[in-house]
Amino acid sequence: MTTTERKIPPMCQHQPPCPPAESADRESARLVAHHPEQGWSLLCNGVLIFEDTGELLPDGRIIDPHRPLGADQVMTAA
């Protein structure tokens, strides 16, 4: 049986492997491509990170921006 489908090797081929895109620490994966002029970077686990801290996961899920509040926007108890 023959197939026309290609096997795509995983992007992360180093040791120790980067955290998968589904894990909470996915942003600590190794940087593969960085395009600050376009506002995005590609991580070894296939996650696209945008300068506004939003993310696009390899399966198409979108993670909303999660930039921390600036010092002028932090609320304190009175």
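Readers should treat all values here as calculations from the given coordinates under stated rules, not as data from a laboratory. Nothing here was measured: the structure is a model prediction, and the numbers come from that model. Here the Cβ positions follow ideal geometry from the backbone for every residue, glycine too, while neighbour counts run over all protein chains shown.
Mind ordering 30-38, 18-26, 44-52 by average Cβ neighbours within 10 Å, highest first?
So the order, starting with the most tightly packed, is 44-52, 18-26, 30-38.
Take the Cα pairs of segment 12-56, get the Kirkwood Rh, then feed it into Stokes-Einstein at 4 °C and 1.567 mPa s and tell me D in µm²/s.
122
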